[in-house]
Amino acid sequence: MNKLSNVIEVEDSLELKNRIFIDVRSESEYEEDRIQNSINIPILNDEQRKIVGTIYKQEGKEKAIEKGLELVADKLKDIYIELKKLSNEYDNLIVYCARGGMRSSLLVNFYSGLGINMHKLDGGYKSYRNYVINFLENADENYEFIVLHGLTGVGKTDALKYLEQKSVSSLDLEGLAQNCGSVFGYLGFKEKPPTQKMFETLLFEYIRNSKSKYIFTESESRRIGYVMLPENIYNMTIEKGYHILIEDSIENRVKRLVNQYVNLSYKDDERILESIEKLRKRLGNEKTNYLNEKLHLKEYDAIAKELIIDYYDPLYKYSIDKFKYDYIVDCNEFEKAMNNLVNIHRQLHEGSLK
């Protein structure tokens with residue numbers, strides 16, 4: 001805790017029980033990245049913030065403050081009602097703005113005087129962001145990844161979901177990125193991809209809250225769709241930890257791909273067609289036209305099988321072959337394979353795995 005009683009450091013704030021973070025930045029600042037599970041109560045919205053910024057540049061700080069207070073005045077009652085409600089639900093209200101400056105100070109000082117007990121986050125969002133970066137850069141000191149490798153469709157993502165349901169720490173990087181990293185990667189995801197900062201925040205939150213130092217994840221290239229794995233996290237999946245090769249039959253892989261990209265997809269055939277067309281240069285006109293015809297006939301199994309044979313396997317086989325694997329698991333009997341993974345995790349956690 002900071003020497004001032006109502007100012008709190010990031011690390012201390014994250015340890016508080018029954019807490020809620022209150023982000024008083026504008027909507028766009030909040031949308032780009034934020035402390036997870038925080039709520040947004042903007043002191044100034046995007047338009048108002050722009051007005052105040054213009055006055056600051058043209059007329060100086062004092063005029064900008066006057067305008068800011070004028071714009072905030074109409075919100076004071078509504079903010080009080082919302083904060084009072086939150087104070088009845090949570091023991092600790094932690095307020096932050098961009099750098100722990102005027103916006104959060106104004107809110108904390110004013111409403112503390114009205115009997116609402118709050119903390120101001122020292123350094124604001126910037127201090128939290130620095131904390132996230134530092135944590136990810138040093139995550140290898142306290143955590144190890146158990147990395148699942150395998151050709152497309154062997155069940156790596158299914159395995160991660162299964163393990164998570166069994167309360168085994170499993171980090172679904174593609175789920176966080178809202179993209180599978182291939183030309184079809186955005187199909188099957190409903191939410192828009194996170195910003196790079198938000199992606200890193202999600203990584204931080206998951207790893208920090210893991211109940212085990214050993215975390216299952218899937219082998220990925222450093223770029224996943226629109227975001228990049230932080231360098232240290234990527235290196236942890238490549239150079240350190242345990243490596244497990246997942247294998248399965250082409251028939252099962254076809255079923256998984258159709259389920260992922262068609263049955264569970266939020267996109268339509270037009271989007272699938274767009275993705276196929278992106279492969280025309282690599283596959284050639286004859287093969288691409290054949291896939292387009294199969295799509296018109298809705299023969300998705302045939303499309304998936306051709307893509308496995310002519311695109312995915314040749315593309316990823318080199319990266320599969322360059323690793324030395326601690327274990328090879330056959331997903332043809334899925335439940336048996338998952339039990340093997342659970343046992344591996346248990347033995348690592350207990351220190352009994354040699």
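The values are calculated or read from the model by the stated rules, or taken from the named source; none is laboratory data. None of the values given here were measured: they were computed from a predicted structure. Counting neighbours? That spans all protein chains shown, and the Cβs are built from the backbone with ideal geometry, glycine included.
Quick notes
- The stretch 19-75: number of residues that are of a type outside the set (V, I, T) and either within 28 Å of P193 (Cβ to Cβ) or in contact with an Asp or Glu (Cβ under 8 Å, 6 or more places away or on another chain) (or both): 24
- Any hit, the stretch 317-330, residues being modelled with pLDDT under 90 and part of a loop (DSSP other than H, G, I, E, B): yes
- Among residues that are hydrophobic (A, V, I, L, M, F, W, C), buried (at least 17 other Cβ atoms within 10 Å of the Cβ) and in the same structural domain as Q165 (by TED's automatic domain parsing), I250 is not included.
Residue-by-condition table, conditions (1) surrounded by fewer than 16 Cβ atoms within 10 Å (Cβ to Cβ); (2) at pLDDT below 95; (3) β-branched (V, I, T):
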position: Y56; (1), (2), (3): no, yes, no
position: K61; (1), (2), (3): yes, yes, no
position: K67; (1), (2), (3): no, yes, no
position: A73; (1), (2), (3): yes, yes, no
position: E82; (1), (2), (3): yes, no, no
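- Selection within the stretch 170-218 - surrounded by 19 or more Cβ atoms within 10 Å (Cβ to Cβ), modelled with pLDDT under 95 and more than 17 Å from M228 (Cβ to Cβ): F184, L187, G188, F189
- The stretch 84-106, subset of a type in the set (K, R) and more than 23 Å from S127 (Cα to Cα), residue surrounded by the most Cβ atoms within 10 Å (Cβ to Cβ): K84
- Residue in the stretch 154-167 that is in a loop (DSSP other than H, G, I, E, B), closer than 29 Å to E11 by Cβ and within 18 Å of the chain's Cα centre (by Cα) present: no
- Matching residues in the stretch 225-275 - criterion: being under 21 Å from the mean Cα position of the chain (by Cα) and of a type in the set (S, T, N, Q): N232, N235, T237, Q260, S265
- Complete set of residues in the stretch 268-302 that are touching a residue at least 40 places away in the same chain (Cβ under 8 Å) and either under 23 Å from S249 (Cα atoms) or outside any helix (DSSP H, G or I) (or both): K278, L279, Y300, D301
- Any hit, the stretch 32-39, residues being surrounded by 20 or more Cβ atoms within 10 Å (Cβ to Cβ) and more than 20 Å from D12 (Cβ to Cβ): yes
- Test: Y128 is in the same structural domain as L245 (by TED's automatic domain parsing), of a type in the set (F, W, Y) and buried (at least 16 other Cβ atoms within 10 Å of the Cβ): no
- Lone qualifier among L307, L279, L297 - being more than 17 Å from V154 (Cβ to Cβ) and either of a type in the set (D, E) or crowded, with 16+ Cβ neighbours inside 10 Å (or both): L279
- Filter pass, L4 being more than 22 Å from Y80 (Cα to Cα), modelled with pLDDT of 95 or more and not polar (S, T, N, Q): no
- Of residues in the stretch 305-354 being aliphatic (A, V, I, L, M) and in contact with a Phe, Trp or Tyr (Cβ under 6 Å, 6 or more places away or on another chain), the one nearest to S219 (Cα to Cα): M338
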